Amino acid sequence: MVAQLPNISASPDKRSDDVDLVDGSRVAVVGGGPAGSLFSHFLLDMAGRVDLRIAVDIFEPRVFAQPGPAGCNMCGGIVSETLVQNLAVEGVVLETDVVQRGLDSYQLHTDVGSVRIATPNDEMRIGAVHRGGGPRDVTEAKWASFDSHLLDQAVERGATVVKARVEEIVRGTDGRPTVTVKGGDPVAYDLVVVATGVNTSLLKTFESLGIGYTRPKVTKTLIREYHLGEEAINASLGTSMHVFLLNMPRLEFAALIPKGDYVTLAMLGEDIDNALGDEFASQPEVRAVMPPGWDPEARSCQCLPHMNVYGSEKPYADRIVFIGDSGITRLYKDGLGAAYRTAKAAARTAIFEGVSEAAFRDHFMPVCRSIQGDNRIGRFAFVLTRLAQRMRIARIALLRIVRDEQEQHRTPRLSSVMWDMFSGSAPYRDIFGRMVHPAVIARGIVTMPGAFVEWLRPRRPQGKEVDS
Amino acid sequence: MSEAALGRYYADGEIVARQGEVGDCMFIVQDGEVEILLEEHGTEVVLRRAGRNEVLGEMAVFEHAPRSATIRAVGRARILTLDKRNFMRRINEDPSLAFRIIEIMSRRVRDLSHEVHELQAVVREREASGPAATPAERVATRG
């Protein structure tokens, strides 16, 4: 359902010190991406369970089903296995036309070889999606937008989409936040949920509201889309996400994500730019994965969006809460999973604990703090990954251990560490605990002599062979 | 069904989980249909069928007991596995994740109560007209 901007004030009969949502309360959700849609879905679901009648307006001017930048939320488009499972339990169905490709494995590529790490049960446990309607050159709408799909599910639950861009959010005289859209009058709400992501100037206005909110620290990422066609992708990249640990200056992480007719290149790094993207695309390890004759210049579209790498210290205030990327998210990985967790925590708090600053501090913030704490451990885990990226002997040893675990069907200790580091499927504290497990360290010590001998050998030119 | 869809495809008649096995996961039917059956003394009794979006195998996860029934694909079915560890960790962080599972189990208890009531009527009818039916016969009668 798409409605015009409502022009009535929120719950005028309530006292200004009311901090609970009650029958007739109105909630504004600014941003209709996954965080906003999932929040609306859960809020209305939980409200229904306690017989609470509330109205939810989602302010979203974009049409996500539209191909090209206008409908895109600019991200790699990976739904982690944990999120896939959580959404399934929640009853949020990811239709086959939304998940363009289920992924059953990761292939780790380095200059010293490649290895495939498969999921348990050979099951497609990770979803590759397009957030919008696809790159700008999409001619046939074969797959649906992930963001549009979630927004539709929120609307099915009873949310209303207001197709307008929010220009200002201020506090009214009664303490309730008011939302103003272009050409509209301020409308008061009992709760405003900010789910805009970080690629918007609107977040800056919250810093001057005096609520203690500071914008997240961000870094740039590079996303490119290549049209290869479904058959070519099936034959080359298959149902694996391809992760690259290449010793290139400024490069932190790069992955090729196969989708329906497209392959998405997602890159993280220091001062990332086009030149780094071009240099990466020209690497032999990358060309070996892509179909023969692939032209790195022939990309369908590209963007350099910001990514939240250090969340807001205080993503809440009286009747205002920041979820997803505009608040706190996971470091580098599983941003959609963090959007789900913070959206659910905010909805749960609003329904069962209230919408005051104290309620969010006591019941929403612990989830954010858990993500923040985990990110601190994640930073350390990434330092170790970076060491492997920079030291050839470490890459040799890593590959030998993982290959041995996969081929000899040993307990996949390091394989599971690598899997979870790349997929974002487990908390970083779990991953780090397994990284420094005595058995992993012992295996590293045993592998080192062989790795050292290999390290002494002259370097060979890289081939396309992938050991599985 | 797309070949690259989430989950795993099971062929017609393929076993998803077997009665008596120790279960460390639950299942959600993504596409197609499965049947839940009891295997007793070499005979099979189909308890019910389950379709899209149904959660199965949750009893083994919550009870630490072997699976109480076998799940078998009817036609081609696509099933997603839910890890016990991930599920329990998430419930620990967010107890409301269990709302839907409780709702499903509650609905099943309601359905079972209804079936017990119907079976009692059948048994009473049989007892009135002849020798008592075995439990398997009782289940088969309503199936």
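Can you find, within the range A:24-35, the residue that is surrounded by the fewest Cβ atoms within 10 Å (Cβ to Cβ) among those that are within 19 Å of A:SER356 (Cα to Cα) and of a type outside the set (D, E, K, R)?
A:GLY24
Sub-8 Å Cβ pairs linking a first residue in the range A:189-211 that is under 21 Å from A:TYR310 (Cβ atoms) to a second residue that is assigned to a loop (DSSP other than H, G, I, E, B) and among the β-branched types (Val, Ile, Thr), at least 6 apart or interchain, are A:VAL194/A:ILE323; A:ALA195/A:ILE323; A:LEU202/A:THR196; A:LEU203/A:THR196; A:GLU207/A:THR214, ordered by first then second residue.
Filtering the range B:1-58 to residues that are among the polar types (S, T, N, Q), farther than 16 Å from A:VAL84 by Cα and within 14 Å of chain A (Cβ to nearest Cβ) leaves only B:SER2.
Yes or no: A:GLU405 charged (D, E, K, R) and under 28 Å from the mean Cα position of the chain (by Cα)?
Answer is no for this residue.
Considering A:ARG361, A:ARG369, the condition of being assigned to a helix (DSSP H, G or I) and out of contact with any Phe, Trp or Tyr (no Cβ under 9 Å at 6 or more places or on another chain) is satisfied by A:ARG369 alone.
Looking at the range A:120-134 only, could you name the residues that are surrounded by fewer than 23 Cβ atoms within 10 Å (Cβ to Cβ), in contact (Cβ under 8 Å) with a residue 40 or more places away in the chain and within 30 Å of A:MET421 (Cβ to Cβ)? Scanning the range A:120-134 gives a single hit, A:ARG131. Evaluation of A:VAL84 against the conditions (1) more than 14 Å from chain B (Cβ to nearest Cβ); (2) over 20 Å from A:PRO305 (Cα atoms); (3) hydrophobic (A, V, I, L, M, F, W, C); (4) not in a strand (DSSP E or B) shows that the sole unmet condition is (1). Quick one: would you say B:SER68 is of a type in the set (Ser, Thr, Tyr) and more than 8 Å from chain A (Cβ to nearest Cβ)? It is true that B:SER68 is of a type in the set (Ser, Thr, Tyr) and more than 8 Å from chain A (Cβ to nearest Cβ).
Considering A:SER37, A:SER25, the condition of being among the small types (Gly, Ala, Ser), at pLDDT 95 or above, in contact with a helix residue (DSSP H, G or I) (Cβ under 8 Å, 6 or more places away or on another chain) and closer than 24 Å to A:ALA345 by Cβ is satisfied by A:SER37 alone.
Residues that are surrounded by fewer than 17 Cβ atoms within 10 Å (Cβ to Cβ), in a loop (DSSP other than H, G, I, E, B) and of a type outside the set (Asp, Glu): does the range A:424-446 have at least one? Checked against the condition, which is being surrounded by fewer than 17 Cβ atoms within 10 Å (Cβ to Cβ), in a loop (DSSP other than H, G, I, E, B) and of a type outside the set (Asp, Glu), the range A:424-446 yields at least one hit. Any residue in the range A:109-117 that is assigned to a loop (DSSP other than H, G, I, E, B) and outside the structural domain of A:GLY31 (by TED's automatic domain parsing)? Within the range A:109-117, one or more residues are assigned to a loop (DSSP other than H, G, I, E, B) and outside the structural domain of A:GLY31 (by TED's automatic domain parsing).
For the criterion of being under 30 Å from A:VAL417 (Cβ atoms), outside the structural domain of A:GLY229 (by TED's automatic domain parsing), surrounded by 21 or more Cβ atoms within 10 Å (Cβ to Cβ) and free of Cβ contacts under 8 Å to residues at least 24 places away in the same chain, A:ALA397 fails.
Taking the options B:ALA50, B:ALA98, B:ALA5, name whichever one is among the small types (Gly, Ala, Ser), within 30 Å of A:ILE371 (Cα to Cα), surrounded by 13 or more Cβ atoms within 10 Å (Cβ to Cβ) and free of Cβ contacts under 8 Å to residues at least 24 places away in the same chain.
After applying the criteria, what remains is B:ALA98.
For (1) modelled with pLDDT under 90; (2) closer than 24 Å to B:ILE28 by Cβ, each residue gets a yes or a no:
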position	(1), (2)
B:ASN86	yes, yes
B:ARG90	yes, yes
B:PRO95	no, yes
B:PHE99	no, yes
B:VAL123	no, no
B:VAL139	yes, no
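Hey, can you tell me all the residues within the range B:71-91 that are surrounded by fewer than 19 Cβ atoms within 10 Å (Cβ to Cβ), out of contact with any helix residue (DSSP H, G or I) (no Cβ under 7 Å at 6 or more places or on another chain) and either within 11 Å of another protein chain (Cβ to nearest Cβ) or of a type in the set (Ser, Thr, Tyr) (or both)? Selection gives B:ARG85, B:ARG89.
The residues listed here are A:ASP104, A:ASP97, A:ASP51; of these, the one that is surrounded by fewer than 20 Cβ atoms within 10 Å (Cβ to Cβ) and within 14 Å of chain B (Cβ to nearest Cβ) is A:ASP97. A Cβ distance below 8 Å, combined with a sequence gap of six or more or placement on separate chains, defines the contacts here; from the range A:255-269, residues that are in the same structural domain as A:THR110 (by TED's automatic domain parsing) reach residues that are among the basic types (Lys, Arg) and not in a strand (DSSP E or B) in the pairs A:GLY260/A:LYS142; A:ASP261/A:LYS142; A:GLY269/A:ARG250.
Quick one: is A:TYR189 more than 26 Å from the chain's Cα centre (by Cα) and of a type in the set (Phe, Trp, Tyr)? When the stated conditions are applied, A:TYR189 passes them. Listed by position, the strands (runs of 3 or more DSSP E) inside the range B:5-69 whose residues that are of a type in the set (Asp, Glu) and within 12 Å of the chain's Cα centre (by Cα) number at least 2 are B:25-40. Residue check: A:THR411 meets all listed conditions (1) in contact (Cβ under 8 Å) with a residue 24 or more places away in the chain; (2) assigned to a helix (DSSP H, G or I) but one, namely (2). Scanning the range B:42-76 for residues that are small (Gly, Ala, Ser) and either more than 22 Å from A:GLY127 (Cα to Cα) or at pLDDT 95 or above (or both) turns up B:GLY42, B:ALA50, B:GLY57, B:ALA60, B:ALA65, B:SER68, B:ALA69, B:ALA73, B:GLY75.
Restricting attention to the range A:123-152, the residues that are within 10 Å of another protein chain (Cβ to nearest Cβ) and touching a strand residue (DSSP E or B) at 6+ places or on another chain (Cβ under 7 Å) total 5. When the range A:264-286 is filtered for residues that are surrounded by fewer than 19 Cβ atoms within 10 Å (Cβ to Cβ) and either aromatic (Phe, Trp, Tyr) or touching a Pro at 6+ places or on another chain (Cβ under 8 Å) (or both), the ones remaining, listed by number, are A:ASP278, A:SER282, A:PRO284.
The values are calculated or read from the model by the stated rules, or taken from the named source; none is laboratory data. If you're wondering where the values come from, they're calculated on a predicted model, not measured in any experiment. Backbone-built Cβ (ideal geometry, glycine too); neighbour counts: all protein chains shown.
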